[in-house]
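What follows is a set of notes on a single structure, which appears directly below.
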Amino acid sequence: MDIALARHWVQAIAVAMDEHQDRLTQLDSAIGDADHGANMHRGFNAVLATQVSYRPDSVSQLLVKVGTTLISSVGGASGPLYGTAFRAAGKALPGTDPDPAELLAALRAGLDAVRELGAAAPGDKTMVDAFLPALDAFEEEVRAGGDLAAAAARAARAAEDGARATVPLQARKGRASYLGPRSIGHQDPGATSTALVFGALATAAAR
Amino acid sequence: MDIALARHWVQAIAVAMDEHQDRLTQLDSAIGDADHGANMHRGFNAVLATQVSYRPDSVSQLLVKVGTTLISSVGGASGPLYGTAFRAAGKALPGTDPDPAELLAALRAGLDAVRELGAAAPGDKTMVDAFLPALDAFEEEVRAGGDLAAAAARAARAAEDGARATVPLQARKGRASYLGPRSIGHQDPGATSTALVFGALATAAAR
Amino acid sequence: MKKFLNTPESVLADALAGLAAAHPRLDVDVEARVVRRAGAGRAGKVALVSGGGSGHEPLHGGFVGTGMLDAACPGEIFTSPVPDQVLAAATAVDQGAGVVLIVKNYTGDVLNFRMAAELAADEGIEVRTVLVDDDVAVTDSTWTAGRRGTGATVFVEKIAGALAERGAGLDEVAAVGRRVNELSRSFAVALTACTTPAAGKPGFDLPEDEMEVGVGIHGEPGRRREKLGTAREIVAEALAAVLAEPVLTGTDQALVMVNGLGGTPLIELYVLFNEVSTQLAAQGVTIARSLVGNYVTSLDMAGASITVCRADEQLLALWDAPVDTPALRWGG
Amino acid sequence: MKKFLNTPESVLADALAGLAAAHPRLDVDVEARVVRRAGAGRAGKVALVSGGGSGHEPLHGGFVGTGMLDAACPGEIFTSPVPDQVLAAATAVDQGAGVVLIVKNYTGDVLNFRMAAELAADEGIEVRTVLVDDDVAVTDSTWTAGRRGTGATVFVEKIAGALAERGAGLDEVAAVGRRVNELSRSFAVALTACTTPAAGKPGFDLPEDEMEVGVGIHGEPGRRREKLGTAREIVAEALAAVLAEPVLTGTDQALVMVNGLGGTPLIELYVLFNEVSTQLAAQGVTIARSLVGNYVTSLDMAGASITVCRADEQLLALWDAPVDTPALRWGG
Ligand SMILES: Nc1ncnc2c1ncn2[C@@H]1O[C@H](COP(=O)(O)OP(=O)(O)O)[C@@H](O)[C@H]1O
Ligand SMILES: Nc1ncnc2c1ncn2[C@@H]1O[C@H](COP(=O)(O)OP(=O)(O)O)[C@@H](O)[C@H]1O
Ligand SMILES: [Mg+2]
Ligand SMILES: [Mg+2]
Ligand SMILES: [Mg+2]
Ligand SMILES: [Mg+2]
C-alpha cells in the first residue's frame, strides 16, 4: 500500500459513510441512540478535510493522522475506538510502503488497541465482531499468497458476514448492552460501519 | 310545577349530564377546551348532593339554590352562565307553585340574565341558540292552551333543533370564537347541554 | 391516554398535594384549592391573587412567593376557578391594603373573577382587577371574546408583584399590571395537540408536516394550519404578528419570553430564542431581559409561544427585583 | 419530524447561540462548544467541568454558574464531547487548583473524558474524575457497560460545586462527588420514544396502553415493556427498584428528584411527586429536599425518572448552599 492507495481508501470510507449514514442511524436507533450514522459521517468528513492540504511522508503517518482526526471530531464510543484503531495501526507500520503482511500486522495492532480500550470480546456484539473475522480472512488470503486486492476483498466479505452475524447476539458492551435480551435480533451499527471500512479498502485496492 | 316536579327536573338533568358527559366533552374538544362534559357533570352532581338534605319552601327557592350551587361548583364560562340562569329564573318565580305561564316568565328572566352576563346574541353559537327557541316553543304551546308536559316537550324539541342549528354558525362568543371560521361545522357544546336541560324538563313533566 | 395519573378526576388534587410536598414555603389547601405563601403576610402590603384553569403549570401556583403572587386559585383542568375559591384566596391574603386580581381574558375567568370581586367587595375587601389579553392571534373585536391572556401573565405577575412588595398602593399596583399587559403581545404555534385527562385523546390531529399557527393554551386548534416551517420562518411569522401591534412600534428594548407549551424540550426553545434574538436585533430591538423555558403550558402540547414586552427602566427595575417562587427565583 | 429547528445539523450550534443570548452570565464558545462562567475565575478554586451528549437540557450548560459547574462541554445530540473539547474547557477554567471532571457512565463519555484527562495531565493540569452511575435499571456486571449515569448527575454537580465554592481541595471535592453518586439511585419509565433530529422519527413505537420501564436518557427502549400503570403503581415499582439497593437500606432522610424527560408536563410530575412523597413516608423516609421539574431530559421523550439520594447533614448543607445557574438558583 502506498500513500495514494491509503488516500483512496480513506476517501472510499468517507463515500461509504455518506451513502450509508441513514442505515447506520436506523441500526443505532433500534438498539442505541441513533447517532452512529452522523458520527461516522462527521468523522470521515473531517478526515477528508484534513487530507486536502496534508502531505504525509508515509502511510504510517497518514493513518495516525486519520485516527487523531477521528478522535477529535467524532465523540461517542466510536470516535475513540475507531480513532485508536487507526492510530495504533499507523504506529505499527514501517516508514516505508507496507506490503500486505505488514498491513495485516498493523491492522492487528489496531484491533488489539480497540479491544484493549473497549474491553470487548468477540461475540459481545460490537465492531470487534466484524473487525476480527475481517483480519482472519485477510490473513488467510495473504498466507495463500494473495495480493492486497484479493486480501481486502476477502476481508470485506468476512466483515460483512461478521456484521450480519451480530444479529442474533445479545450485546454485552456499549449502550446496546442496556437492552439485555432485547438487543437480540438487531445488527450492530459499529460492526456494520466496520464492514464499510473494509469494503472501502477492497474498493480502493481494486482500482 | 311543584317542588317534587322541580326536584325530578333537576335529577333528570343530572342523569342526562352523566349519560352525555363524553359527548359534551368531545363537542367541546373540537372547538373549545374539552371540559364542558366534566363541568356539567360536576355541577349537577353538586346540585344533587345539596338536594339530599335541602327542604325548600318553594320552587323559587329551589331553583335559586340550584343556581348558587352551579356557580360555586362549575367554574368556566358555563358555571356562571347556567348558575345565573337558574338563580334569575328562581328569583322571578312567585313563592307559590308556578303555573306554566309563570314558569315561562321565569325562564325568560333566566335567559335575559344569561344574555346580559354573556352578551351573546342569537346566532353567536352559544347556549342562547338552544335556550331562546326552547322558550319560544314553550310559549307557543302555553298560548295554545297546552299544559306543562306539552310545553316542555315542545321546548325540548326546539332546543334540540336549536343546538343542531349551531353547526353551520361561526362562533362569536366564548372560546370557540378564537377559531374564527374554523368553528363552523361543529355543534356548540353549551347549546347541546341546554337541550339536555329542556329534555330533562320534558321527562320530568311527563311523569 | 399516556399520562402519569391515578384517575382523570384526581389529577388536580394529586398535583396540588405534590406541589405542597415539594414546596414547604407554599401553604396549599387541597380541599379549598388555594395555594398561598406559608406564614403570615406583611400588614399593609397589597395582595396579588391570580388563578385560572389548571394544565398551565407552573402558572399560577408556581409563581406564589415573595415578589410575585400572594395566592393562586387553580381551577379544574382548563376550567377557571369558581368565585368562592377566588374569594377564599382573596380573604386569606388581604392585609387590609386590598387585593389585585390578575385575570386572563377568557369568558369563564372573567365571569368567575367578576363574581368573586363582587363577593369580596361585599365583605369589605378592596379589589382591583387586571385583565391580561396579550395574544395577537385573536383580534380584539366586538365579534369575539377579545384577545386571550397567555404569556404576558408571567410578566404582569412578576412586575406587579415586585411593586406590591415595595409597598405601593392598590391602584398603583393595578396600574403597573395593566401597563405591562398593554405593552405585551404574544403569539404561539403548536406542533401537536394536547390531551386533557377528561377527553383522553388529542383535541385534533395534525399531519406530520403541518403546524397549527396562532394557538392558545387550552388545546384548541389555531387560527390556521400551515406547512411546518423552520425555526427561522416560524419566529419571523410570530415576530411579525407581535411587532405589528401599534403599541410595540418603536420598541428599543424588550423583555422577551420564549415559552414551551409543555411537550417541547428546552433545546428547541433555545433554538427559537436564538432566532428571536437575531431577528429582533436586526430590527433594532435589544433584548434587555429574557426567559426561556416552560412557564405557561398547555398540558403536553408540543409548541411554543413568544411574548415581547416593550420595557422601560421602571419595568426592568421591577423585573430585576428579588423573587422567590418555585418557578422564578432570583435576587434576594 | 416535529421540531423547532433550522436543519438537523445546526441544532446544537443554534441552541448554544440561544443559550448565550439568553444568559449573559455564561460565556459560550459556540465554535469550541464550551460553556463557561463569564468573567475570570477565582484563583485557587477547584474547577468543575462536566459534559456529555446534548439533548439532555438543562444538563449540563444550564448548571454552569456560581456554586455548581465552572464549564460544560456539550457534544452533538446524544454523542459525548470529543477530548479536545473537554481539554479546552478544563484549560479555560483551571485556576491552578485542579479540575474535577464529572462524567456519566457511558462507554463514549468514559473514553473521551479519559483521553481528555490524559491530555490535561500532559499539560500539567491536575485532574480527578467522578463517574456517575446511578441507574438501577441496568445491572452493574462485567457483562454490561455498567450502570448508566442519569439523574444523580444533578446532585453530584450541585454538591461538589458547593464544596469547591467553599475552597475545598481537589481530592475532597472529588470525594464528595463520588459519595453523592454512591448514595444515589435512579429509575425511569417512558410513555413515548423520543425523536433525534438525525433519525427524524421516534426510536420505537409504543402502543397506546403500554410503557417502557427502565429506560435511559438516550431514547433507547427500556428493560421491558408493561401495561401502562397508574402513577401510584409506577412510583411503587420505581421506588422498589431504587430502595432495594443495599446502599439505600436504612435511609431516613433523602434528597429526591422527580425529573421529566422532556415531553411530560409539570402537572404530571407533581402527581408523581405526591406518590413518591406518600410512599417514602410510609417507608419511614423523610424527603429533606427535593426537585420537581425537567433537569435531565431525553429530547421530547414523555417520561419521568425518580432519583433518591440518601442524605446526611453535610450533604444537605452543601445542597442548601447558594447556587446561581440558569436552571438552579437559590440562596445567595
Ligand atoms: N466497548 C466497546 N468495544 C468495542 N466497540 C464498541 C464498544 N462500545 C460500543 N462499541 C461500538 O460502538 C458502536 C456505537 O457507536 P456510536 O453510536 O457512534 O457511539 P455511542 O454508542 O456512544 O452512541 C456500537 O455499535 C459498537 O459496535
Ligand atoms: N358569552 C357567552 N354567552 C353565552 N354562552 C356562552 C358564552 N360563552 C360561552 N358560552 C357557552 O359556554 C359553553 C362552554 O362552556 P364550558 O366549556 O363549560 O366553559 P369554557 O368555555 O370556559 O371552557 C359554550 O359552548 C357556549 O355555549
Ligand atoms: Mg450511538
Ligand atoms: Mg370548555
Ligand atoms: Mg374551560
Ligand atoms: Mg451516542
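The values are calculated or read from the model by the stated rules, or taken from the named source; none is laboratory data. Bear in mind that the values here come from a model prediction, so they are computed numbers and not experimental data. Ideal geometry is used to build each Cβ from the backbone, glycine not excepted, and the neighbour counts take in all protein chains shown.
Considering only segment C:113-137, how many residues are closer than 20 Å to B:Asp124 by Cβ and within 14 Å of ligand 2 (Cβ to nearest atom)? Final tally of qualifying residues: 1. Does segment B:172-198 hold any residues that are part of a helix (DSSP H, G or I) and on the phi > 0 side of the Ramachandran plot, and which are they? The one that is part of a helix (DSSP H, G or I) and on the phi > 0 side of the Ramachandran plot: B:Gly180. With the structure loaded, tell me whether B:Ala77 is in contact with a Leu (Cβ under 6 Å, 6 or more places away or on another chain) and aliphatic (A, V, I, L, M) or whether it fails that test. No, not satisfied. Have a look at D:Gly98, D:Gly41, D:Gly53 and point out the one that is in contact with an Asp or Glu (Cβ under 7 Å, 6 or more places away or on another chain), within 15 Å of ligand 6 (Cβ to nearest atom), among the small types (Gly, Ala, Ser) and touching a residue at least 24 places away in the same chain (Cβ under 8 Å). From the options D:Gly98, D:Gly41, D:Gly53, the qualifying one is D:Gly53. Please work out if C:Leu59 is within 11 Å of chain D (Cβ to nearest Cβ), part of a helix (DSSP H, G or I), in contact with a Gly (Cβ under 9 Å, 6 or more places away or on another chain) and in contact (Cβ under 8 Å) with a residue 60 or more places away in the chain. Judged against the criteria, C:Leu59 is not a match. Each residue in segment B:168-191 was checked for being more than 15 Å from ligand 5 (Cβ to nearest atom) and either among the small types (Gly, Ala, Ser) or touching a Leu at 6+ places or on another chain (Cβ under 8 Å) (or both), and 7 of them qualify. For segment C:155-163, the criterion of being touching a helix residue (DSSP H, G or I) at 6+ places or on another chain (Cβ under 7 Å), within 14 Å of chain B (Cβ to nearest Cβ) and away from ligand 1 (no atom under 16 Å from the Cβ) is met by no residue.
Yes or no, residue by residue, for (1) touching a Cys at 6+ places or on another chain (Cβ under 7 Å); (2) free of Cβ contacts under 8 Å to residues at least 12 places away in the same chain; (3) within 26 Å of D:Glu268 (Cα to Cα):
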site	(1), (2), (3)
C:Thr264	no, no, yes
C:Tyr270	no, no, yes
C:Glu275	no, no, no
C:Ala282	no, yes, no
C:Met301	yes, no, yes
C:Val308	no, no, no
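Whether any residue in segment C:104-123 is part of a strand (DSSP E or B), within 30 Å of B:Ser183 (Cβ to Cβ) and either away from chain B (no Cβ under 14 Å) or touching a Pro at 6+ places or on another chain (Cβ under 9 Å) (or both) is what I want to check. Looking through segment C:104-123, none of the residues is part of a strand (DSSP E or B), within 30 Å of B:Ser183 (Cβ to Cβ) and either away from chain B (no Cβ under 14 Å) or touching a Pro at 6+ places or on another chain (Cβ under 9 Å) (or both).
Residues that are assigned to a strand (DSSP E or B) and either modelled with pLDDT of 95 or more or within 8 Å of chain C (Cβ to nearest Cβ) (or both) occur at least once in segment D:321-328. Given the criteria under 15 Å from the mean Cα position of the chain (by Cα) and within 14 Å of chain B (Cβ to nearest Cβ), does C:Ala188 qualify? Taking the combined requirement at face value, the residue satisfies it. Looking across segment A:31-48, just one residue is polar (S, T, N, Q) and away from ligand 6 (no atom under 12 Å from the Cβ), and that is A:Asn45. Given the structure, is D:Gly161 surrounded by 23 or more Cβ atoms within 10 Å (Cβ to Cβ), modelled with pLDDT under 95 and within 16 Å of the chain's Cα centre (by Cα)? For D:Gly161, the condition - surrounded by 23 or more Cβ atoms within 10 Å (Cβ to Cβ), modelled with pLDDT under 95 and within 16 Å of the chain's Cα centre (by Cα) - is not met. Return the residues of segment A:75-118 that are in a loop (DSSP other than H, G, I, E, B) and within 14 Å of the chain's Cα centre (by Cα); say none if nothing qualifies. Passing the criteria: only A:Ala77. The numbered conditions (1) under 23 Å from B:Asp22 (Cβ atoms); (2) within 14 Å of another protein chain (Cβ to nearest Cβ); (3) touching a Ser or Thr at 6+ places or on another chain (Cβ under 8 Å) are all true for B:Ala113 except (1). For segment A:153-184, a tally of residues being more than 12 Å from every other protein chain (Cβ to nearest Cβ) and either in contact with a Pro (Cβ under 9 Å, 6 or more places away or on another chain) or closer than 17 Å to A:Glu19 by Cβ (or both) returns 10. If you go through segment C:19-38 and keep only what is small (Gly, Ala, Ser), in contact with an Asp or Glu (Cβ under 8 Å, 6 or more places away or on another chain) and crowded, with 23+ Cβ neighbours inside 10 Å, you end up with nothing. Summed over segment B:141-171, residues that are in a loop (DSSP other than H, G, I, E, B), closer than 27 Å to B:Gly76 by Cβ and more than 16 Å from ligand 4 (Cβ to nearest atom) total 5. Total residues in segment C:10-29 satisfying the condition of being hydrophobic (A, V, I, L, M, F, W, C) and either within 22 Å of C:Val99 (Cα to Cα) or at pLDDT below 95 (or both): the figure is 2. Residues in segment D:114-136 that are of a type in the set (A, V, I, L, M, F, W, C) and under 16 Å from the mean Cα position of the chain (by Cα): D:Val130, D:Leu131, D:Val132, D:Val136. Does segment D:280-292 contain any residue that is surrounded by 24 or more Cβ atoms within 10 Å (Cβ to Cβ), at pLDDT 95 or above and of a type outside the set (S, T, N, Q)? Yes, because at least one residue in segment D:280-292 is surrounded by 24 or more Cβ atoms within 10 Å (Cβ to Cβ), at pLDDT 95 or above and of a type outside the set (S, T, N, Q). For segment A:106-120, indicate whether the set of residues that are more than 27 Å from A:Ser72 (Cβ to Cβ), surrounded by fewer than 22 Cβ atoms within 10 Å (Cβ to Cβ) and without any contact (Cβ under 8 Å) to a residue 12 or more places away in the chain is non-empty. No, there is no match, as no residue in segment A:106-120 is more than 27 Å from A:Ser72 (Cβ to Cβ), surrounded by fewer than 22 Cβ atoms within 10 Å (Cβ to Cβ) and without any contact (Cβ under 8 Å) to a residue 12 or more places away in the chain.
A single entry from C:Ala175, C:Ala164 fulfils the requirement of being in a helix (DSSP H, G or I), farther than 29 Å from B:Ala176 by Cβ and without any contact (Cβ under 8 Å) to a residue 40 or more places away in the chain: C:Ala175. Scan segment C:81-101 and tell me whether some residue there is within 26 Å of D:Gly293 (Cα to Cα), within 12 Å of ligand 5 (Cβ to nearest atom) and within 8 Å of another protein chain (Cβ to nearest Cβ). Yes; the residues of segment C:81-101 include at least one that is within 26 Å of D:Gly293 (Cα to Cα), within 12 Å of ligand 5 (Cβ to nearest atom) and within 8 Å of another protein chain (Cβ to nearest Cβ).
Matching residues to (1) farther than 17 Å from D:Gly53 by Cα; (2) within 16 Å of ligand 3 (Cβ to nearest atom):
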| position | (1), (2) |
| --- | --- |
| D:Asp109 | no, yes |
| D:Asn112 | no, yes |
| D:Met115 | no, no |
| D:Asp122 | yes, no |
| D:Ile125 | yes, no |
| D:Thr129 | yes, no |
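Take the conditions within 21 Å of the chain's Cα centre (by Cα), away from chain C (no Cβ under 12 Å) and of a type in the set (Val, Ile, Thr) and apply them to D:Val11. Does it pass? No, not satisfied. Listed here are the helices (runs of 4 or more DSSP H) enclosed by segment A:1-66 that have at least 1 residues being within 14 Å of chain D (Cβ to nearest Cβ) and away from ligand 1 (no atom under 16 Å from the Cβ): A:36-52.
Taken together, the criteria exclude C:Asp84 from residues that are more than 19 Å from the chain's Cα centre (by Cα), in a strand (DSSP E or B) and over 30 Å from D:Glu210 (Cβ atoms).
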